[in-house]
Structures are given as structure tokens and as C-alpha cells.
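In what follows, a single structure is set out as C-alpha cells and then discussed.
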């Protein structure tokens with residue numbers, strides 16, 4: 001069987017994505033009921049972190065443990081990768097010792113090069129270009145609360161960053177319309193936009209993007225590695241906060257999501273984040289655990 005990697009959402013077909021999401025929902029239910037699942041017993045996940053993390057590390061490590069396997073945390077400070085060993089060499093060696101690898105790093109080319117030389121599945125746990133694991137959790141959350149996203153309108157408010165890029169991919173795979181509102185100069189990748197021009201629209205007016213939306217999502221204004229831009233971005237993004245006033249333009253049963261960590265009072269108001277009638281961010285966050293379990297089972301041929 002050929003090795004399957006998950007470097008972006010487009011590594012799954014629409015049918016495979018739906019299967020992974022359905023499995024994640026079933027795994028979540030089984031876990032809440034106390035059922036034991038040891039499908040990945042004796043399997044080892046190697047976790048390579050060049051960017052720090054809370055949710056990514058805990059969800060992958062806990063998920064592998066819950067499935068009967070083990071996880072190894074490898075930071076750039078503790079491995080030869082951090083001392084300049086070629087990515088290709090690290091991939092060849094590590095993939096002979098573990099069964100599956102996840103990488104959280106900066107350049108997307110790093111995960112691509114690693115996957116090219118790996119003997120086991122490689123998962124993109126975040127790069128500067130894409131964050132596909134988060135979209136699995138987001139899609140699962142919408143399905144749990146509102147059903148299929150097919151034919152719905154989704155609004156992305158904020159930076160045209162890695163999350164925005166993954167939402168563009170999700171629009172194509174899940175068959176929804178995506179309206180992106182961002183300040184001028186912060187639009188998503190032009191080539192990706194061109195590929196999906198019939199599926200997405202870009203505006204600089206958040207109200208226009210949210211109008212009639214079924215699902216509204218945002219992210220921090222300054223991502224990891226952009227801390228020096230924080231003050232400047234606060235001014236440029238000042239009109240792009242998601243709050244109750246903005247959500248009033250969405251459909252009456254629209255949901256709000258945020259990949260976290262959230263900066264209350266910046267990209268989202270504290271009141272909206274804590275509004276259980278609209279905000280489903282805590283279910284969304286928990287879903288990282290179950291969606292990634294389903295993903296690992298899929299990549300390891302257990303589904």
C-alpha cells in the first residue's frame with residue numbers, strides 16, 4: 001500500500017474527508033462513553049516541533065495514548081535537525097524508527113521535503129502556509145452542531161494566513177462558499193485564490209463578508225513569528241473584530257469559531273467568545289483530539 005501523507009486538506013478526497021470526520025465523531029462519542037480503543041497498540045508517533053504549541057502537542061500525544069500507542073516529543077533544541085542535519089537525512093532515519101510523524105514548523109517546503117524521503121505517513125501539524133489539522137476539527141464542530149456544511153456560506157474575518165488558506169481548501173472539499181474579509185495588503189495567497197475563484201470572494205468590509213453567513217471564523221491578528229508587527233497590525237485590523245454587532249449580520253443560527261489561542265478584545269470580543277449560543281470554540285478545540293485520532297487511523301490503514 002502506498003504511503004499517504006497529510007500536508008494539506010487536498011491530500012484527502014471529499015469522500016475521504018467525510019469519512020475521517022464521521023470517524024472522529026464516532027471516536028469522540030466512544031471516548032465520552034469510556035470505551036477502550038487500542039487500534040494503534042505498539043505504534044509510535046514522532047512529533048517534531050519547531051514552533052511551540054499547546055493544543056497540537058496535547059491532542060496528538062493524548063490521542064496516540066488513547067489509541068494504545070506512544071508519542072515522542074522532539075523539539076529542534078533536542079534533535080540534530082536543530083543543529084543543521086539535512087531534512088532529508090532526518091526523514092530517512094526517523095521514519096525507520098517510528099510508524100507515523102507529525103511536524104509543526106515554519107516553511108511548508110520543510111514538510112514537503114520530509115514527506116518525500118519518509119517511509120511512513122507525515123502529517124502537517126502547522127506550517128506558515130496551511131493548518132489542515134485545525135480544519136478537521138472545525139469541520140467536525142460544524143457537522144456536530146449544524147450538520148453538513150455543503151451549500152452553506154462561511155465567513156473568514158482577519159488575516160489571509162495559513163488558517164485562511166486551509167479554509168479555502170475546505171470550501172472546495174466541503175462544497176461551501178467562502179467570503180473572506182481582510183485589511184488591504186493582508187489578502188490570502190493570490191495563486192490559491194485564482195485556483196478557487198468560483199468558490200471564494202474577498203472583501204475589505206467585514207459586514208459584507210458576514211452577511212448571511214452560517215459559520216464565522218477568525219484568528220489572531222499577529223501569528224507566531226509576527227510578534228514585532230503586533231502594534232502595527234492592531235491599527236490595521238481594528239475594524240475586523242468579530243463581536244455580537246458583527247454576528248448580527250449573519251444568519252440567526254450562525255456559529256462562531258476560533259482556532260485559539262484567542263486575544264479577547266482584539267480579533268474577538270470576550271462576550272462573543274463566551275456566548276454559548278453562538279461560540280462553539282471549546283468543542284472545536286476538543287475536536288483536535290478526536291479528528292487527529294481519526295486522521296492517524298486513516299493514514300495507517302485502520303479505517
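Observations, loosely collected:
- Test result for residue 170, in a helix (DSSP H, G or I) and either surrounded by fewer than 24 Cβ atoms within 10 Å (Cβ to Cβ) or touching a helix residue (DSSP H, G or I) at 6+ places or on another chain (Cβ under 6 Å) (or both): yes
- Checking 159, 189 one by one, the residue that is buried (at least 21 other Cβ atoms within 10 Å of the Cβ), on the phi < 0 side of the Ramachandran plot and at pLDDT 95 or above is 159 and no other.
- Tallying residues that are within 30 Å of residue 196 (Cβ to Cβ) and outside any helix (DSSP H, G or I) within the stretch 1-15 yields 9.
- Residue match in the stretch 251-260 (condition: in contact (Cβ under 8 Å) with a residue 12 or more places away in the chain, assigned to a loop (DSSP other than H, G, I, E, B) and buried (at least 23 other Cβ atoms within 10 Å of the Cβ)): yes
- Breaking point among (1) in contact (Cβ under 8 Å) with a residue 40 or more places away in the chain; (2) surrounded by fewer than 21 Cβ atoms within 10 Å (Cβ to Cβ); (3) out of contact with any helix residue (DSSP H, G or I) (no Cβ under 8 Å at 6 or more places or on another chain), for residue 164: (2)
- Criterion (touching a helix residue (DSSP H, G or I) at 6+ places or on another chain (Cβ under 9 Å) and under 20 Å from residue 13 (Cβ atoms)) met by exactly one of 141, 115: 115
- Put simply, of 295, 272 the only residue that is touching a strand residue (DSSP E or B) at 6+ places or on another chain (Cβ under 7 Å), farther than 28 Å from residue 9 by Cα and in a helix (DSSP H, G or I) is 272.
- Positions within the stretch 142-171 being more than 11 Å from the chain's Cα centre (by Cα) and closer than 21 Å to residue 263 by Cα, in sequence order: 155, 156, 157, 158, 159, 160, 161
- Residue in the stretch 210-219 that is under 17 Å from the mean Cα position of the chain (by Cα), touching a residue at least 12 places away in the same chain (Cβ under 8 Å) and part of a loop (DSSP other than H, G, I, E, B) present: yes
- Output for the stretch 173-191, where each listed residue is touching a residue at least 40 places away in the same chain (Cβ under 8 Å), over 21 Å from residue 234 (Cβ atoms) and in a loop (DSSP other than H, G, I, E, B): 175, 189
- Among the residues making up the stretch 38-57, those that are surrounded by fewer than 17 Cβ atoms within 10 Å (Cβ to Cβ) and in contact (Cβ under 8 Å) with a residue 40 or more places away in the chain are 39, 44, 52, 53, 54.
- Flag if residue 224 is under 16 Å from the mean Cα position of the chain (by Cα) and either modelled with pLDDT under 95 or surrounded by fewer than 24 Cβ atoms within 10 Å (Cβ to Cβ) (or both): yes
- Against the list (1) in a loop (DSSP other than H, G, I, E, B); (2) over 24 Å from residue 145 (Cβ atoms); (3) out of contact with any helix residue (DSSP H, G or I) (no Cβ under 9 Å at 6 or more places or on another chain), the condition residue 194 fails is (1).
- If the condition is being part of a helix (DSSP H, G or I) and either within 15 Å of residue 170 (Cβ to Cβ) or in contact with a strand residue (DSSP E or B) (Cβ under 7 Å, 6 or more places away or on another chain) (or both), then the stretch 16-46 contributes 16, 17, 18, 20, 21, 24.
The values are calculated or read from the model by the stated rules, or taken from the named source; none is laboratory data. Just so we're clear, the structure is a prediction, and the values are computed from it rather than from any experiment. Backbone-built Cβ (ideal geometry, glycine too); neighbour counts: all protein chains shown.
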